[in-house]
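The values are calculated or read from the model by the stated rules, or taken from the named source; none is laboratory data. Predicted model only: the values in this text are computed from it and were never measured. Backbone-built Cβ (ideal geometry, glycine too); neighbour counts: all protein chains shown. Just the protein is used for accessible areas: all its heavy atoms, side chains included, with ligands, DNA and RNA removed. Shrake-Rupley method; radii C 1.70, N 1.55, O 1.52, S 1.80 Å.
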Amino acid sequence: KDYIAIAIDGPAAAGKSTVAKIVAETLSYVYIDTGAMYRAITLKALQQDLDLNDEAAILELLLHTKIELNKQEKSQIVLLDNEDVTNDIRTSEVTNNVSYVAKLPKVRKEMVERQQALADNRGVVMDGRDIGTHVLPKAEVKIFLVASVDERAKRRHEENLKRGIESSLEELTREIENRDFIDSKRETSPLIKADDAIELDTTSLSIDQVVQEILNEVNRYF
Ligand code: C5P
């Protein structure tokens with residue numbers, strides 16, 4: 001095999017997607033943002049005014065929903081039933097509700113199957129919460145990215161301001177803590193470091209340093 005699978009997990013806003021994209025680009029691998037898939041189904045459920053705790057209803061919805069992750073030029077786009085929802089899945093309404101949908105066991109089972117199919121027979125960098133533990137348990141490289149809550153909130157805050165999005169540091173801190181709590185405490189595949197994952201604390205590391213650490217691990221396989 002001349003390609004491997006790279007799993008990147010960790011709490012909200014730890015920089016997973018930023019480094020995953022760069023690593024994928026460097027290796028000419030596919031980047032798969034599994035959080036975007038949970039966000040997309042959450043958006044659709046909210047649009048249809050469904051009860052987010054109604055597991056049967058959300059599963060039924062998901063089974064009739066097409067979610068595509070495409071690369072366009074240098075950016076990633078997310079299609080929900082052929083419609084571009086790349087920005088719509090990042091609103092605070094979706095962000096603050098996605099963890100309730102993501103804790104439904106039957107929804108997770110369907111998502112994991114789709115994610116495994118996307119990763120089949122190709123070099124992938126996949127990020128999420130349960131990639132190293134459940135989606136790709138045989139991934140050759142597993143990374144668990146962490147950073148302090150304050151640092152994560154600060155980074156997200158600065159990112160928002162740069163994009164001209166209204167932002168409150170206090171609110172972001174609360175949202176991140178709440179999401180981590182639900183994601184870590186849920187019964188089905190909670191956010192947890194895989195035993196064989198390498199933990200990187202990015203609080204005082206630059207993006208380049210994190211990318212380099214991951215590429216060093218990758219190079220040990222070739
Ligand atoms: O990665 P992102 O922050 O966009 O993920 C949004 C939410 O989707 C997470 O807070 C979590 O509830 C859920 N998620 C998950 N398992 C994954 C990826 C995301 O439960 N593999």
Checklist entry - Looking at the range 124-174, which of its residues are assigned to a loop (DSSP other than H, G, I, E, B), among the hydrophobic types (A, V, I, L, M, F, W, C) and at pLDDT 95 or above? => result LEU136, ALA139, ALA147
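So that you can scan it fast, the table gives a plain yes or no per residue for (1) surrounded by 18 or more Cβ atoms within 10 Å (Cβ to Cβ); (2) at pLDDT 95 or above; (3) more than 10 Å from the ligand (Cβ to nearest atom); (4) not in a helix (DSSP H, G or I):
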position	(1), (2), (3), (4)
PRO11	yes, yes, no, yes
THR26	no, yes, yes, no
ARG39	yes, yes, no, no
THR42	yes, yes, no, no
ASN53	no, yes, yes, yes
Item to check | All positions within the range 53-76 that are of a type in the set (Gly, Ala, Ser) and farther than 18 Å from TYR100 by Cα | outcome: SER75
Checklist entry - Can we say VAL19 is near the ligand (Cβ under 10 Å from one of its atoms), at pLDDT 95 or above and assigned to a helix (DSSP H, G or I)? => result no
Next on the checklist: Being under 25 Å from ILE67 (Cβ atoms) and acidic (Asp, Glu) narrows it down to one residue among GLU140, GLU175, GLU158; which is it?
Outcome noted: GLU175
Next on the checklist: So, in the range 196-216, exactly how many residues are outside any loop (DSSP other than H, G, I, E, B) and open to solvent by less than 40 Å² (accessible area, probe 1.4 Å)?
Outcome noted: 5
Next on the checklist: When the residues of the range 171-205 are narrowed to those that are over 18 Å from ASN97 (Cβ atoms) and among the small types (Gly, Ala, Ser), which ends up farthest from the ligand (Cβ to nearest atom)?
Outcome noted: SER204
Checklist entry - Residues of the range 78-87 being open to solvent by less than 20 Å² (accessible area, probe 1.4 Å) and either on the phi > 0 side of the Ramachandran plot or assigned to a strand (DSSP E or B) (or both), which ones? => result VAL78, LEU80
Item to check | The lone exception for ASP9 - which of (1) in contact with an Asp or Glu (Cβ under 6 Å, 6 or more places away or on another chain); (2) in contact (Cβ under 8 Å) with a residue 24 or more places away in the chain it fails | outcome: (1)
Next on the checklist: Out of everything in the range 88-121 that is within 13 Å of the ligand (Cβ to nearest atom) and in a loop (DSSP other than H, G, I, E, B), what residue ends up being surrounded by the most Cβ atoms within 10 Å (Cβ to Cβ)?
Outcome noted: LEU104
Checklist outcome for this item: Listed by first then second residue, the pairs whose first member lies in the range 113-132 and is without any contact (Cβ under 8 Å) to a residue 24 or more places away in the chain, whose partner is more than 12 Å from the ligand (Cβ to nearest atom), with beta carbons under 9 Å and at least 6 positions apart or on separate chains, are ASN121/TYR3
Item to check | From GLU60, GLU73, residue being at pLDDT below 95 and open to solvent by 10 Å² or more (accessible area, probe 1.4 Å) | outcome: GLU73
Next on the checklist: Could you tell me how many of the residues in the range 139-170 are in contact (Cβ under 8 Å) with a residue 60 or more places away in the chain, open to solvent by 40 Å² or more (accessible area, probe 1.4 Å) and more than 16 Å from the ligand (Cβ to nearest atom)?
Outcome noted: 1
